[in-house]
Amino acid sequence: MADARTYETRTNGHGPLTIRDLPQEERPRERLRHSGAKHLSNGELIAILFRTGLEGENVVALATRVLARAGGLSGLARISYESLCAEKGVSDAKACQLLAALELGRRVAALAPDDRAKVGGPADIARMFMGEMSALDREHLRVVLLNVKNEVVAVDELYVGNVGSTQVRPAEVFAQAVRRSCPAVAIVHNHPSGDPSPSDEDVAITERIYQAGKLLDVELVDHVVIGQGRFVSMRQQGRGFPVSQQQAPGDPKSSQAALAIMAKSPLDGKDGKG
């Protein structure tokens, strides 16, 4: 998972600091090579694209500043070439490299249906989000939209902050699913404490959303809680779902997505593997 690192701003005395000027253990490219891209922060990934910083501001500090001023990844995804170049230290080359990488990410997200991620159980959902969400310092709640083949159509981030039962509105949870005619959704949210054990509020939220889904004919297949390297499937723990939903599937009206989620897998897992 991505970890938070503090990068001291400094200069090599001869011009902009490059990644090579950073200590070996702090170099994002080296860490990516040895640990994988998922272990790098968003700022470090951008730093690899930028390559060089400024006099008095190393490349990771520059990347982190640009990311913060854009309003995070969501803002960066909408930023224009002109706005990027207006940032101190962002040259034409840096702006083009970053915009090209963002566009590649969008194209991956819009792959043809045959290339979409498929959900066969809670571990698949956890694998999709564990690396990023276990490192977040605030609660995030996301809705995973599924088609009839259990393929991920889209991921909708609804809430950031304190995800309380009074704040989560079932109408908002199902809005995109209804709009896109998706028969099923899964919910995933993180616990910044690192403990994925569902709270009483998590159970209350799940019960409300499950009942609302029945009225809308959209199946809530699971509510996965992400912790530090671990996750919990609330469906498999029997929290927030009717008792009949924990038993072996026998109802012909159950959606295909719900049957897939109830396939054999651990109640909670580590690194998405159980």
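Values quoted throughout were computed directly from the atomic coordinates according to the rules given, and no laboratory measurement underlies them. Everything numeric here is computed off the predicted structure, so don't read it as measured data. Here Cβ is always computed from backbone atoms with ideal geometry, including for glycine, and neighbour counts include all displayed protein chains.
Mind checking the full-extension length gain between His34 and Ser199? Use 0.36 nm per residue of separation minus the Cα-Cα distance, one decimal, nm.
Net length gain for the segment: 55.8 nm.
Relative contact order for the stretch 19-109: what percent, with Cα pairs under 8 Å and sequence separation of 6 or more?
Relative contact order here is 20 percent.
Listed here are the pairs Lys118/Lys214; Lys94/Lys118; Lys38/Lys94; which of them are more than 29 Å apart at the Cα?
Result: Lys94/Lys118 exceed 29 Å.
Can you compute the modelled spin-label distance between Arg106 and Leu216, with each label point 7 Å from Cα toward Cβ, in nm?
Placing both labels 7 Å along Cα→Cβ, they lie 2.7 nm apart.
With each pseudo-label sitting 7 Å past Cα toward Cβ, what's the Val178-Arg208 distance in nm, one decimal?
Computed distance between label sites Val178 and Arg208 equals 1.6 nm.
Please report, to two decimal places, log10 I(q)/I(0) for the stretch 19-146 at q = 0.21 Å⁻¹ as given by the Debye formula with identical point scatterers on the Cα atoms and no solvent.
-1.35
Sorted by packing (mean other beta-carbon atoms within 10 Å per residue), highest first, where do 65-71, 33-39 land?
For the peptides 65-71, 33-39, the packing ranking is 65-71, 33-39.
Give the residue list of trypsin sites (Lys or Arg not before Pro) in the stretch 78-149 that are DSSP loop and have at most 16 other beta-carbon atoms within 10 angstrom.
Loop-located and lightly packed - Arg78, Lys88, Arg138, Lys149.
Around Ala77, under 15 Å between beta carbons, what's the net of Lys plus Arg minus Asp minus Glu among the other residues?
0
Ranked by Cβ crowding within 10 angstrom, fewest neighbours first, how are Leu220, Leu102 ordered?
On the way: Leu220 31, Leu102 17.
Ascending number of Cβ neighbours within 10 Å: Leu102, Leu220.
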